[in-house]
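Engineer: Below is the structure I would like to discuss, written out as structure tokens.
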Amino acid sequence: MTSTGPQDHPVVPTTRGPVRGERRADGSTRFLGIPYAQPPVGELRFAAPVAPRPWTEALDATAYGPTAQRRPFAEVTTIPEPTIPGESVLNLNVFTPDLAPAAGLPVLVWIHGGGFVAGCSASPWYDGAAFNRDGVIVVSIGYRLGIEGFLHLPDAPDNRGVRDWIAALEWVRDNIASFGGDPAKVTVAGQSAGGGAVQTLLATPSARALFRAAISVSGAVMRPQDRATAEAVGRTLTARTGVPATAAALRVLTDERLLDLQDALSEAGPDGDTLPMLSLAPFADGELIPLPVPEALPDAEVPLLLGFTAHEFAAPDGDGGAEPEDELRGLLGALGLDERGAARFLAEHPGANGGDAITDWLFRAPALALTDARAERRRPTWLYQFDWTGTAPGRTGQAYHCIDLPFAFDLLDAEGVEAALGAEPPQSLADAVHGAWVSFIRDLDPGATWPPYRQGRATMRWTVEPRVDHDPLRTVRDIWLA
């Protein structure tokens, strides 16, 4: 069925009811805030997602829907991600260049980051304009965060946020043809926590038939990722706050109170004890997610493109600089390095700080271990490191967390980009990175100039003049994976 309604506000049918979008000056059309599940409130607050109730009148889809984010990261301002009030947070956005059902266009499903506790899909950095220009539909999704999405509760289904991702992908399967897409040509992608979400979906058997390729950008996952760790987080919540870690007890609390409890988990306890990083995150529950990501992903046959920035969590200029060696050694030990490994790290990173260690431990080393394991099994995998450094005040000389996204989406003129990257970031690099993504989404291969990792540990280095190096990260392997 073709779209109906005025040319500038076309109406498209979905399985639950029609939606009215907005055609843009470039000829593409966007549909914002489409619900893929009922609002997770009341009895549904800690339940698995439930399909929306049907509607008959065209639903206005010209403004972003409510976000699960209620408090953005106070210390992270790189990506503009607004907080939008409302209950219907399980919604998604569709950006399409062609509404003809026969168009059969490839689809990029985008999962935002934010440490699994913040972030949203309504950022101008996630606009699908450039992908639409190049014949790719973009779907960006919202999902439950923090306690509501990921805290283990004995009287609620585990991994509710993961179930939200799957419900959104099922919506894409059932509806994207009406927006010009091919449900058999879906690539799932995300950055940071969203990159961890991509890896988690690859480890989730019930999700595998919903996409054919995956892109994990600076992917981060809970470590360790076992059920025992997730259960310990719930016990810690009760011990620190006195509130039972049950859906029955939490369901009646306000959003503000729930966020206060969440803050209690992120801070040090009365004895100085701290929880593992990303303690509210997907975990291997033994049912929906049978195995931890590091065990499941090497065998996943889905083509995977993944990588990281060179300095993900390095401290900003003038923000502490190098740490005292004894403090840094203590952190390295806490992250699992023995004396030999710590000594090697310090020798290779003169003037390092804790952010440099976290960059290796949370991003580079796990991605390298995964890529090495997949190469041994000859799974289709492409690895990159984003090396271009911006000129924004306080960030000179650093390829830090999130800096690569405006290049991948080819949105160098989007809101907040100049403040984050500096003036005049190179359009030629955006052309190269975005072009590789389009090729991968369309053809399951980023292009002839970027060979698979198994060919001599080939690694794309994204700089002003991109190049492929062979095994440039062997020092990371020697230090963290020996």
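The values are calculated or read from the model by the stated rules, or taken from the named source; none is laboratory data. Owing to the predicted nature of the structure, the values given are computational and were not obtained by experimental measurement. Methodologically, a virtual Cβ is constructed for each residue, glycine included, from the backbone with ideal geometry; neighbour enumeration extends over all protein chains shown.
Engineer: Can you find a residue in region 307-319 that is β-branched (Val, Ile, Thr), closer than 21 Å to Ala220 by Cα and either at pLDDT 95 or above or in contact with an Asp or Glu (Cβ under 6 Å, 6 or more places away or on another chain) (or both)?
Structural biologist: Here is the first cut: in region 307-319, the ones β-branched (Val, Ile, Thr) are 309.
Now narrow it down to the ones that are closer than 21 Å to Ala220 by Cα: 309.
If we keep only those that are either at pLDDT 95 or above or in contact with an Asp or Glu (Cβ under 6 Å, 6 or more places away or on another chain) (or both) as well, we get 309.
Yes: one or more hits.
Engineer: To continue, here is another question. Considering only region 345-371, how many residues are under 16 Å from Arg477 (Cβ atoms) and surrounded by fewer than 18 Cβ atoms within 10 Å (Cβ to Cβ)?
Structural biologist: The total comes to 4.
Engineer: Does Ser216 meet the test of being crowded, with 24+ Cβ neighbours inside 10 Å, at positive phi and within 23 Å of the chain's Cα centre (by Cα)?
Structural biologist: Answer is no for this residue.
Engineer: Any chance you could count how many residues in region 49-81 are aliphatic (A, V, I, L, M), over 30 Å from Glu418 (Cα atoms) and buried (at least 17 other Cβ atoms within 10 Å of the Cβ)?
Structural biologist: So in region 49-81, the residues aliphatic (A, V, I, L, M) come out as 50-51, 58-59, 61, 63, 68, 74, 76, 79.
Going one step further and asking which of them are over 30 Å from Glu418 (Cα atoms), we end up with 50-51, 58-59.
Within this subset, residues satisfying the condition of being buried (at least 17 other Cβ atoms within 10 Å of the Cβ) are 58-59.
Looking only at that region, the number is 2.
Engineer: Would you check if Gly161 is in a helix (DSSP H, G or I), in contact (Cβ under 8 Å) with a residue 60 or more places away in the chain and within 15 Å of Ser192 (Cβ to Cβ)? Full working, then the answer.
Structural biologist: Details: in a helix (DSSP H, G or I): yes; in contact (Cβ under 8 Å) with a residue 60 or more places away in the chain: yes; within 15 Å of Ser192 (Cβ to Cβ): yes.
For Gly161, the condition - in a helix (DSSP H, G or I), in contact (Cβ under 8 Å) with a residue 60 or more places away in the chain and within 15 Å of Ser192 (Cβ to Cβ) - is met.
Engineer: Within region 14-38, how many residues turn out to be surrounded by 17 or more Cβ atoms within 10 Å (Cβ to Cβ), over 22 Å from the mean Cα position of the chain (by Cα) and part of a loop (DSSP other than H, G, I, E, B)? Before you say what the answer is, go through the steps one by one.
Structural biologist: The initial filter retains those residues of region 14-38 that are surrounded by 17 or more Cβ atoms within 10 Å (Cβ to Cβ), namely 14, 16, 18-21, 28-38.
Checking the rest, the ones that are also over 22 Å from the mean Cα position of the chain (by Cα) come to 14, 16, 18-21, 28-29, 38.
Narrowing the set further to residues that are part of a loop (DSSP other than H, G, I, E, B) leaves 14, 16, 18, 21, 28, 38.
Total satisfying the criteria: 6.
Engineer: Can you pull out the residues in region 95-110 that are closer than 17 Å to Val438 by Cα and not acidic (Asp, Glu)? Quick ask: steps written out before the conclusion?
Structural biologist: From region 95-110, those closer than 17 Å to Val438 by Cα are 95-98, 103-110; that's our starting set.
Passing the criteria: Phe95, Thr96, Pro97, Ala103, Gly104, Leu105, Pro106, Val107, Leu108, Val109, Trp110.
Engineer: Helices (runs of 4 or more DSSP H) wholly in region 232-301 with at least 1 residues that are within 22 Å of Leu44 (Cα to Cα) and either more than 20 Å from the chain's Cα centre (by Cα) or in contact (Cβ under 8 Å) with a residue 60 or more places away in the chain (or both) - which ones? Break it down into steps so the answer makes sense when it comes.
Structural biologist: Values: elements: 247-250, 255-266, 293-296.
Here the list reads 247-250, 255-266.
Engineer: Only one of Ile215, Ile166 is farther than 20 Å from Pro366 by Cα and either in contact (Cβ under 8 Å) with a residue 40 or more places away in the chain or in a helix (DSSP H, G or I) (or both). Can you tell me which?
Structural biologist: Values: Ile215 fails: farther than 20 Å from Pro366 by Cα.
Going through Ile215, Ile166 in turn, just one is farther than 20 Å from Pro366 by Cα and either in contact (Cβ under 8 Å) with a residue 40 or more places away in the chain or in a helix (DSSP H, G or I) (or both): Ile166.
Engineer: Go over the candidates Ala189, Ala118, Ala197 one by one and state the one that is among the small types (Gly, Ala, Ser), part of a strand (DSSP E or B) and touching a residue at least 24 places away in the same chain (Cβ under 8 Å). Reasoning before the result, please.
Structural biologist: Details: Ala118 fails: part of a strand (DSSP E or B); Ala197 fails: part of a strand (DSSP E or B).
Of Ala189, Ala118, Ala197, the one residue that is among the small types (Gly, Ala, Ser), part of a strand (DSSP E or B) and touching a residue at least 24 places away in the same chain (Cβ under 8 Å) is Ala189.
Engineer: Against the definition (charged (D, E, K, R), out of contact with any Gly (no Cβ under 7 Å at 6 or more places or on another chain), assigned to a loop (DSSP other than H, G, I, E, B) and farther than 27 Å from Ala357 by Cβ), how does Glu312 come out, yes or no?
Structural biologist: On the way: charged (D, E, K, R): yes; out of contact with any Gly (no Cβ under 7 Å at 6 or more places or on another chain): yes; assigned to a loop (DSSP other than H, G, I, E, B): yes; farther than 27 Å from Ala357 by Cβ: no.
So Glu312 does not fit the description; no.
Engineer: Could you please let me know if Gln455 is touching a residue at least 60 places away in the same chain (Cβ under 8 Å) and either closer than 23 Å to Asp356 by Cα or exposed (fewer than 15 other Cβ atoms within 10 Å of the Cβ) (or both)? Give the steps one after another, and end with the answer.
Structural biologist: Working: touching a residue at least 60 places away in the same chain (Cβ under 8 Å): no; either closer than 23 Å to Asp356 by Cα or exposed (fewer than 15 other Cβ atoms within 10 Å of the Cβ) (or both): yes.
No: the conditions fail for Gln455.
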